[in-house]
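To keep things clear, I will list the structure first and then write my remarks on it.
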Amino acid sequence: MSNDSRRARREEERLAQSAREAAGLAPGTAAPKNPEPTPAPAAAEPPVPASTGAQDAANPDAGATAPRSASTSERSAAKEQSSKTKKQRRGLGMLGSIGVLCLGAGAITAGTLIPPGNLGADTAVEVAATSLPAGDSLATCPATMKLFTGAGTGVDPEFEPASKDAKTSVRAAIISDAAGRIPGGELLKSDAKVDKSIAPRISAEEAETSTGSSADGSSGLKGVLGPVSSFAETLTLHAQPLGGVQTLASAVRTYSANGGDLAGLAVAGCTAPAAETWLTGAITTPGSTAVLNLVNSSASVAAVRVDLRGAEGAISAPNLTELAVAPGETKSIILAGYASNETALSAKVTASGGRVNATIQQSTLRGLVPGGIDYLGAAATASTTQVIPGVGILDPALAQDLAKPAANANAVAQVVLAATSAEGATVKVKAMGPNGEVEIPGGGEVVVASNATASLSLAGLPAGYYTIVVDADSPVSASVKMVRGTKAADPIDQAWATAAQRLGSEHLLVLPTVGSARLVLNAPNGESTVNVRSMNSDGKLSAARSVELTGGKSTVLSGNDFGKGTVAVMLSATGSPSYGAAVVQEGSYGIAALPVSEAPAGREGVTVLLRD
C-alpha cells in the first residue's frame, strides 16, 4: 500500500471517529447511517472530545479504534461537526483528559469523555458517582524525640540524640477480615525500604474477593502483631486492603528516658496523611521548644501552608505560606522563630498535592530540671463542639505545689482553645468525671479573641480521669494539657490530650511498649454501647465486653479490664455519639495521651462535577 493510501485510510478513520463522537457513541460502535449533529449556539460551542482536534492533526494515528472505512455520509457529518468545533478546539483544548483522584490512602486514575452538547460558561456536567477501590491503610509514625542543638531558628534545625538511656519503639498490629484472612503489611522507611514485615501480601485477585465469614460460616476475626521496631526516624505502616475495604490497622510510637534534657514519656498514635491538620497547645516561652515536623509519605510533592494563632490573634509568617515538602521528606520548623514567647500557640496545617503528617515535638527545660516532653498530634477539625477524652488530673494540692516555683508557673493543667474566625469565640467548658459533670473552679467560661489562642486553667479540679466537653458560639480547635510529677524540684512531665472524633464501627488502639494505659470512654449526650475486645501478642481476640455509657459519665478501663498480655484493643460503638482515648503513665512522673485511631474506609462513591 502506498503512503498516499495509508494517509487516506487514516483520514477516513479519523473522520469516522469524529462522526461517532458527534452522535455520542463510544469508539468502535457502528456509526448511524444518517447522523444529525445537534447544532450548538454560537455563544457556547461544544467542547471537543479527547481524541479529536489539534492532537489528531499532529498524530494521524489517533482514533485508530474506529472501523477501517467510513461512508460518505459519515465523512460529511464529521466535516460539518469539525467546522462547528474548530473555534472551541482552540479555546478549550482537550476536555476529556485523564485526571487523578485521591481518596483516603488510595489513588486511582479516572478518564471522562464528554460528548458535544450545549455547555455554557457556567454549566456543570455531573458524572455519576463512581465506586473507588480502597488502597493500603496508611499510618505514619513521627520520628523519635530529638534534642535541638542549632543556634538559629527557622526551618530544618540540627538535632542530636536526646539521652543515653532513651528508648524508642514503634509497635503495629493488623486485623484480619471476617474470614480470617491476614492482609499483607509492613513498616516502611521514608525511602520505601522495609524496616519490619508484619505479614506477607496475598495475591491481588484473592485480596479483591469479598468474604463475609469463614468457611464454616462463623467469624474468623483475628489479629497479627508485628515485630517491634527501634528505628528512630519516620516509619509508615502499610496494610493491604481486602474485599475492597481498607484494613483495620494501627501503630504507636513510644519514647521514654529517665535522664537528660528530654526525660519523660512521649507517645504518638500513628496517623494517615491529611490535607488539613489542627495542632493546639504549643509553647514557645524561654526554656520550651516546639518543633513542627511535616512528613510527606506520599509519591507527590506537597505544597504546605502553616497558619499560626497566638494570644494576640493571627501571626504573620510569610515564610510558612508556601512550603514544598518532597516525597519521603521530613521538614522541621522551629516555631519560636515565627511566634516567640507564646504560652499557648496553635497551628493549622493545610496541604495540596501530596498529603502530609504534621506533629509538634514539645519539650520544656526548667533551668536544669526536665520540665516535660510530648507529641502534639492532630485534633478534630475546628467545630462549635469538641470532646476531649482521656484527661488525667492530679490531686489539687500536689498540682498547686508543682506550680509554685516561678520556673514552673506554666506547669498547670489547662484547656487550650483556638478561635478560627475573626468573630472570636465565647466558650463554655465542662468536665465529665466518673459520676457525671464536675464543676470547674472559676465557672469554666472563657472568651477567645479573633483568630487567637487562649487557655482555661483546670486548677482545683478533683483528681481523676475526665472527659472535657467544649461548647462555643464559633468554631474552635481544642486540647487539654496535663501535668504529672511528685515534687517541684524534681522532673515533671506534660502531655496533650486532643479533641477526638466520635467512635464508629471499628477502631484499633495499639498500646505502647512501656507504661500502663487507661482507656477513658464517654457519651456526653445520650446513651451509647461500646464493645471492647482485647488482643494478645498471638493475635487472639477476646470475647466482646459491652460497656454502657450514660449520663455523661466517664468510664475508665485499665489493665485488669483488658486482661493480662493485652497489646491492642478493638472498639466499636453504637447509639449516641461516644468518644474514647487513653492516658498512659510510667514511673513517678511520666504521662502521655494516646488517641483512638480512625476507622478504616471502604469503597466510597464520588460524584465529579466538570465545569466549562
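The values are calculated or read from the model by the stated rules, or taken from the named source; none is laboratory data. Here the structure is a predicted model, which means the values were calculated and not measured. Cβ atoms come from the backbone with ideal geometry, glycine included; neighbour counts cover every protein chain shown. Ligands, DNA and RNA are stripped out before the accessible areas are found, and what is left, the full protein with its side chains, is counted by its heavy atoms. Shrake-Rupley method; radii C 1.70, N 1.55, O 1.52, S 1.80 Å.
The table below lists the values:
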{"read-out": "Pairs where the first residue, in region 197-219, is outside any loop (DSSP other than H, G, I, E, B) and the second is open to solvent by 50 Å² or more (accessible area, probe 1.4 Å) and modelled with pLDDT under 90, C-beta under 9 Å, 6+ apart", "value": "Glu208/Pro133"}
{"read-out": "Any chance Ser316 is more than 24 Å from Tyr589 (Cβ to Cβ), touching a strand residue (DSSP E or B) at 6+ places or on another chain (Cβ under 7 Å) and open to solvent by 20 Å² or more (accessible area, probe 1.4 Å)", "value": "no"}
{"read-out": "Scope region 574-606; condition at pLDDT 95 or above, in a loop (DSSP other than H, G, I, E, B) and within 20 Å of Val469 (Cα to Cα); matching residues", "value": "Ser576, Pro577, Ser578, Val596"}
{"read-out": "Elements of type strands (runs of 3 or more DSSP E) contained in region 331-409, each with 3 or more residues being among the charged types (D, E, K, R) and surrounded by 24 or more Cβ atoms within 10 Å (Cβ to Cβ)", "value": "none"}
{"read-out": "Filter pass, Ala173 being out of contact with any helix residue (DSSP H, G or I) (no Cβ under 7 Å at 6 or more places or on another chain) and either modelled with pLDDT under 85 or more than 28 Å from Arg201 (Cα to Cα) (or both)", "value": "no"}
{"read-out": "Scan of region 224-252 for residues that are out of contact with any helix residue (DSSP H, G or I) (no Cβ under 8 Å at 6 or more places or on another chain) and of a type in the set (Gly, Ala, Ser), ordered by number", "value": "Gly226, Ser229, Ser230, Ala232, Ala239, Ala249, Ser250, Ala251"}
{"read-out": "Sole exception among (1) assigned to a strand (DSSP E or B); (2) surrounded by 17 or more Cβ atoms within 10 Å (Cβ to Cβ); (3) touching a Ser or Thr at 6+ places or on another chain (Cβ under 9 Å) for Glu548, by number", "value": "(2)"}
{"read-out": "Single residue of Val483, Val556, Val520, Val470 found to be out of contact with any Leu (no Cβ under 6 Å at 6 or more places or on another chain), at pLDDT 95 or above and open to solvent by 20 Å² or more (accessible area, probe 1.4 Å)", "value": "Val556"}
{"read-out": "Residue among Pro116, Pro183 that alone is surrounded by 12 or more Cβ atoms within 10 Å (Cβ to Cβ) and modelled with pLDDT under 95", "value": "Pro116"}
{"read-out": "Residue satisfying all of: in region 261-274; outside any strand (DSSP E or B) and open to solvent by less than 40 Å² (accessible area, probe 1.4 Å); farthest from Ser516 (Cα to Cα) among these", "value": "Pro273"}
{"read-out": "Residue check for Asn408: closer than 30 Å to Gly264 by Cβ and over 33 Å from the mean Cα position of the chain (by Cα)", "value": "yes"}
{"read-out": "Residues of region 559-571 that turn out to be open to solvent by 10 Å² or more (accessible area, probe 1.4 Å) and under 14 Å from Glu506 (Cα atoms), as a count", "value": "1"}
{"read-out": "Residue list for region 425-439, restricted to those being open to solvent by 10 Å² or more (accessible area, probe 1.4 Å), among the hydrophobic types (A, V, I, L, M, F, W, C) and either out of contact with any Gly (no Cβ under 9 Å at 6 or more places or on another chain) or more than 19 Å from Thr384 (Cα to Cα) (or both)", "value": "Val438"}
{"read-out": "So Leu571, is it out of contact with any Pro (no Cβ under 8 Å at 6 or more places or on another chain), modelled with pLDDT of 95 or more, closer than 27 Å to Ser176 by Cβ and of a type in the set (A, V, I, L, M)", "value": "yes"}
{"read-out": "Selected residue [closer than 25 Å to Tyr375 by Cβ, open to solvent by 10 Å² or more (accessible area, probe 1.4 Å) and not in a loop (DSSP other than H, G, I, E, B)] from Ala478, Ala418, Ala454", "value": "Ala454"}
{"read-out": "Evaluation of Thr289 against (1) closer than 24 Å to Ser597 by Cα; (2) open to solvent by 20 Å² or more (accessible area, probe 1.4 Å); (3) in a strand (DSSP E or B) (one fails), failing number", "value": "(1)"}
{"read-out": "Given (1) touching an Asp or Glu at 6+ places or on another chain (Cβ under 8 Å); (2) buried (at least 20 other Cβ atoms within 10 Å of the Cβ); (3) closer than 28 Å to Tyr375 by Cβ, number of the condition Leu242 does not satisfy", "value": "(3)"}
{"read-out": "Test: Glu445 is farther than 29 Å from Gly575 by Cβ, open to solvent by 10 Å² or more (accessible area, probe 1.4 Å), among the acidic types (Asp, Glu) and touching a residue at least 12 places away in the same chain (Cβ under 8 Å)", "value": "yes"}
{"read-out": "Residue among Ser229, Ser256 that is closer than 26 Å to Val412 by Cβ and either more than 20 Å from the chain's Cα centre (by Cα) or buried (at least 22 other Cβ atoms within 10 Å of the Cβ) (or both)", "value": "Ser256"}
{"read-out": "Any hit, region 498-514, residues being surrounded by fewer than 22 Cβ atoms within 10 Å (Cβ to Cβ), of a type outside the set (Gly, Ala, Ser) and modelled with pLDDT under 95", "value": "yes"}
{"read-out": "Residue match in region 304-313 (condition: outside any strand (DSSP E or B), among the basic types (Lys, Arg) and at pLDDT 95 or above)", "value": "no"}
